[in-house]
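Chemist: Following this message is one structure expressed as structure tokens.
Taken together, the values in this text are just the output of simple stated rules run on the coordinates, not laboratory data. Worth saying up front: this structure is predicted, and the values here are computed from it rather than measured. Methodologically, a virtual Cβ is constructed for each residue, glycine included, from the backbone with ideal geometry; neighbour enumeration extends over all protein chains shown.
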Amino acid sequence: MRRRMRTEERIPERDVEEFLRVRFTQAFPRTAIMLSKRIVGRVREAFSMWLDFISGIERVLEEAGLTWNTVIEAAELFLGGPGAIEELSSKEPDKLAKYNIAASLAASTAFFNIYSIPVCLRVIFPYADPERASSYIQEARRAFALVALAHLKRMQDRGSWDEAMLRRLRFMSELMRA
């Protein structure tokens, strides 16, 4: 893989995913463990800021009669691409309407990077602060669902599905479940 990365102009998608998988599952956790004493305060501060942000999202979800499960289910549906959305539209239009509401509420995160918050919560914070690992992992799933849903809804609204982005989001979805 390294040789191909040095010699080819464009890196094949499978190599990019493998590179990211190694970084996310080995390099980042190892570094977090090594630096944990130095970064644990910042990790907790960042997590507190995330919880403050997400509390506003939770209020809006409650007002709309939705739950985090709705957001997660909507993200999973949208990860299936336009075909999955069309299929649900024909079978259960009311459910799709709820998912579209959830996606609209997630829109405030449309400009968030798909990696930053979920990766920190899933592969860095639990290793830097193992006492709170389960909280970080739970929030990583929520963060990913929220950010992914916003990106996917934007693609749906444009009517243009970016296959590379969709593939990257599916890759991240697998990582969040691991």
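Chemist: Once phi is turned into θ = phi - 60°, what whole-Hz ³J(HN,Hα) does the Karplus curve with 6.51, -1.76 and 1.60 give for every residue of the stretch 118-128, x standing for Gly and Pro?
Modeler: x, 5, 4, 5, 8, 10, 10, 4, x, 8, 7
Chemist: Let me know the volume per residue of the alpha-carbon convex hull for the stretch 114-178, in Å³.
Modeler: Details: hull volume 4.0 nm³, N = 65.
It comes to 62 Å³ per residue, whole-number rounded.
Chemist: Net charge near Ser173, counting Lys/Arg +1 and Asp/Glu -1 over other residues with Cβ under 11 Å of its Cβ?
Modeler: Details: positive: Arg141, Arg167, Arg168, Arg170, Arg177; negative: Glu76, Glu174.
Here the count lands on +3.
Chemist: Tell me, Ser108, Ser116, Ser173 in order of fewest to most beta-carbon neighbours within 10 Å? Before the final figure, lay out each step's value.
Modeler: Numbers: Ser108 14, Ser116 11, Ser173 18.
Sorted ascending by nearby Cβ count, the order is Ser116, Ser108, Ser173.
Chemist: Could you give log10 I(q)/I(0) at q = 0.12, 0.13, 0.22, 0.27 Å⁻¹ for the stretch 13-73, computed by the Debye formula over C-alpha point scatterers of equal weight, without solvent?
Modeler: -0.57, -0.64, -0.86, -0.97
Chemist: Hey, another quick one. Report ³J(HN,Hα) in whole Hz for each residue of the stretch 57-66, in order, from the Karplus equation J = 6.51 cos²θ - 1.76 cosθ + 1.60 where θ = phi - 60°; Gly and Pro get x.
Modeler: 5, 4, 4, 5, 4, 4, 4, 8, x, 10
Chemist: Could you tell me the distance between the Cα centroids of the stretch 66-139 and the stretch 13-33, to the nearest Å?
Modeler: The two parts, judged by their Cα centres, are 22 Å apart.
Chemist: In nanometres, what is the gap between the two model label sites at Met165 and Glu63, each 7 Å from Cα along Cα-to-Cβ?
Modeler: 2.7 nm
Chemist: Got the relative contact order for the stretch 2-177 handy, in percent, Cα pairs under 8 Å and 6 or more residues apart?
Modeler: Numbers: 157 pairs, mean separation 49.5, N = 176.
Relative contact order, the stretch 2-177: 28 percent.
Chemist: Taking the square root of 5 times each eigenvalue of the Cα gyration tensor, what semi-axes in Å does the equivalent ellipsoid of the stretch 34-178 have, largest first? Provide the component values of the computation, followed by the final result.
Modeler: Numbers: eigenvalues 166, 55, 28 Å².
Sorted largest first and rounded, they come to 29, 17, 12 Å.
Chemist: Follow-up question, since we're still on this one. Can you tell me the FRET efficiency between Ile33 and Ala110 if r is taken as the Cβ-Cβ distance and R0 is 45 Å, rounded to the nearest 0.05? Present the calculation step by step, with values, prior to reporting the outcome.
Modeler: Working: r = 33 Å, r/R0 = 0.73.
Efficiency, rounded to the nearest 0.05: 0.85.
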